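Chemist: Below is a structure I'd like to ask you about.
The values are calculated or read from the model by the stated rules, or taken from the named source; none is laboratory data. Since this is a predicted model, take the numbers as computed values, not measurements. Because the Cβ atoms are built from the backbone with ideal geometry, glycine has one as well, and the counts that use them run over all protein chains shown. Remember, those area values only see protein heavy atoms, side chains included, never the ligands or the DNA or RNA. Shrake-Rupley method; radii C 1.70, N 1.55, O 1.52, S 1.80 Å.
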Amino acid sequence: AQSVSQHNHHVILSEAASLELGCNYSYGGTVNLFWYVQYPGQHLQLLLKYFSGDPLVKGIKGFEAEFIKSKFSFNLRKPSVQWSDTAEYFCAVRNDYKLSFGAGTTVTVRA
Amino acid sequence: DAGITQSPRHKVTETGTPVTLRCHQTENHRYMYWYRQDPGHGLRLIHYSYGVKDTDKGEVSDGYSVSRSKTEDFLLTLESATSSQTSVYFCAISESTMGAREQYFGPGTRLTVT
C-alpha cells in the first residue's frame, strides 16, 4: 500500500515569510498528487493537483508545488504567506479508486 | 462548492448504541467515500462506493458498515459505537478515478461517543 509522509506536524511563521511543506510518497509508478487545505472549522478544499506534464504546478491563492519524481516528492510552496493561510494542509496520492493522505501539517501564521 | 451535505453535523451518543450518518450529493457522481479525521492521522478511508449497491472496505473499516441504495445517498453505520470512534467524519465524492479528478468533501460530522 502507498504511504504518504508529511515532514512537519506544525509550522509557525510570520506574515510575509515563505512557506514550504514537504511531502513524500512511497509509490513508484504513475501517480496523481494533490494538496488539500482545511481552514479552521471547514471541510477540505483542493489547493492544487498534479497529473502529468509540467512538474511545477500552480494552484489557488498563490500556492505552487513541485513534483520531483526521482525524490518521490511533491512539496508545497508559497513565497509570502498571509494570516489567512492559517490552516491544516494535507498531501494526498491517488491509489486506484482511493486517496491516501498524509497526517497533515498545521500552519499558523502570526500577524 | 460541490453539492454535498452531511447529517447530522454534530452528534453525541453513548457507548454501545448504533449510529447512522448520512451523506447526500446532488452532483450525480459515481464514487462516494467515508473518511474519519483524527489528529496525527490525517484522513483515513473507512469505506467507499463505486456505484449503487457496490461498496468496498477501506483501511479502517472494522466496526463500520455502509449502504448505498441510491446514487445520491451513502450511509455510514456504526453498529455499536465505541469511544475510539469519536472522530470527525467526512464524506467525499468523485466523478471519476481517471486522471486528475479530485475528490470533493462534505462539511463533516463531529461524533462524540461517551
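Chemist: Ignoring ligands, DNA and RNA, what percent of the 1.4 Å accessible area of chain B is carbon and sulfur? It would help to have the intermediate numbers written out before the result.
Modeler: Values: 2420 of 5300 Å².
That fraction is 46 percent.
Chemist: What is chain A's relative contact order, in percent, from Cα pairs under 8 angstrom and six or more apart in sequence?
Modeler: Working: 276 pairs, mean separation 41.6, N = 111.
Worked out over chain A, it gives 37 percent.
Chemist: In chain B, what percentage of the DSSP-assigned beta bridges are antiparallel, given to the nearest 5?
Modeler: On the way: 38 of 42 bridges.
Looking only at bridges with both residues in chain B, the antiparallel portion is about 90 percent.
Chemist: Right, another one. With all protein chains present and a 1.4 Å probe, how do B:Glu59, B:Glu72, A:Glu20, A:Glu64 order by accessible area, largest first? Display every interim value, and only then the final one.
Modeler: Details: B:Glu59 125, B:Glu72 65, A:Glu20 100, A:Glu64 40 Å².
The ranking, largest first, comes out as B:Glu59, A:Glu20, B:Glu72, A:Glu64.
Chemist: Using a Förster radius of 22 Å, what is the FRET efficiency between A:Arg77 and B:His41 based on their Cβ-Cβ separation? Nearest 0.05, please. Please report the intermediate quantities before stating the final value.
Modeler: Values: r = 25 Å, r/R0 = 1.13.
The value I calculate is 0.35.
Chemist: Right, here's the next one. Quick check: convex hull over the Cα atoms of the stretch B:1-44, volume per residue in Å³, rounded to an integer?
Modeler: 124
Chemist: Report, ordered by chain and residue number, the lysines lying within cross-link reach of A:Lys58, taken as a straight Cα distance under 18 Å and ignoring same-chain residues fewer than 8 apart.
Modeler: The qualifying lysines are A:Lys49, A:Lys69, A:Lys78.
Chemist: Rounded to the nearest 100 Å², what is the sum over both chains of accessible area buried where B meets A, with a probe of 1.4 Å? If you can, show how the numbers build up before the last one.
Modeler: Values: alone 6210 and 6180 Å², together 10570 Å².
For chain B against chain A, roughly 1800 Å² becomes buried.
Chemist: What aspartates and glutamates sit close enough to A:Lys61 to cross-link, taking a C-alpha to C-alpha distance under 12 Å and skipping anything fewer than 8 places away on the same chain?
Modeler: A:Asp85
Chemist: Then there's this: Give, rounded to the nearest 20 debye, the magnitude of the charge dipole that chain A has about its Cα centre when Lys and Arg contribute +1 at Cβ and Asp and Glu contribute -1 at Cβ.
Modeler: Details: 10 positive and 8 negative charges, 29 e Å.
For this selection, approximately 140 debye.
Chemist: Kindly tabulate the residues in the stretch B:12-60 with an accessible-area decrease of at least 40 Å² between the chain alone and the assembly of all protein chains, using a probe of 1.4 Å.
Modeler: Checking the loss per residue gives B:Gln37, B:Leu43, B:Tyr48.
Chemist: Sticking with this one: Can you pull the semi-axes for chain B, root of five times each eigenvalue of the Cα gyration tensor, sorted largest first, whole Å?
Modeler: So the equivalent ellipsoid measures 23, 14, 13 Å along its semi-axes.
Chemist: Could you give me D for chain A, from Stokes-Einstein at 10 °C and 1.306 mPa s, where the hydrodynamic radius is the Kirkwood radius over C-alpha pairs? Units µm² s⁻¹, please.
Modeler: On the way: Rh = 14.0 Å.
For the chosen part, D equals 114 µm²/s.
Chemist: Rounded to whole Hz and in sequence order, give me ³J(HN,Hα) for the stretch A:61-73 from the Karplus expression 6.51 cos²θ - 1.76 cosθ + 1.60, θ = phi - 60°, writing x for Gly and Pro.
Modeler: Each residue's phi maps through the Karplus curve to give 6, x, 7, 9, 9, 10, 8, 10, 4, 5, 9, 6, 10 Hz.
Chemist: Right, next: Can you give the charge dipole size of chain B about its Cα centre, rounded to the nearest 20 debye, using +1 on the beta carbon of Lys and Arg and -1 on the beta carbon of Asp and Glu?
Modeler: On the way: 12 positive and 13 negative charges, 28 e Å.
Charge dipole, chain B, about its Cα centre: 140 debye, nearest 20.
Chemist: Taking the Cβ of B:Leu45 as the centre, find all other residues whose Cβ is under 14 Å away and add up their charges (Lys, Arg: +1; Asp, Glu: -1).
Modeler: Numbers: positive: A:Arg94, A:Lys98, B:Arg36, B:Arg44, B:Lys57; negative: A:Asp96, B:Asp38, B:Asp56, B:Glu59, B:Asp62.
Net local charge, B:Leu45 excluded: 0.
Chemist: A further question follows. Among residues other than A:Phe101 whose Cβ falls under 12 Å from its Cβ, what is the net charge (Lys/Arg +1, Asp/Glu -1)? Mind dumping the intermediate values first?
Modeler: Details: positive: A:Arg94, A:Lys98, B:Arg36, B:Arg44; negative: A:Glu88, B:Asp38, B:Glu59.
So the surrounding residues net to +1.
Chemist: While we're here: Under 15 Å from the Cβ of B:Pro18, count the other residues' Cβ atoms, weight Lys and Arg +1, Asp and Glu -1, and hand me the total. Working shown, then result.
Modeler: Details: positive: B:Lys11, B:Arg22; negative: B:Glu14, B:Glu79.
My count for the surroundings of B:Pro18 gives 0.
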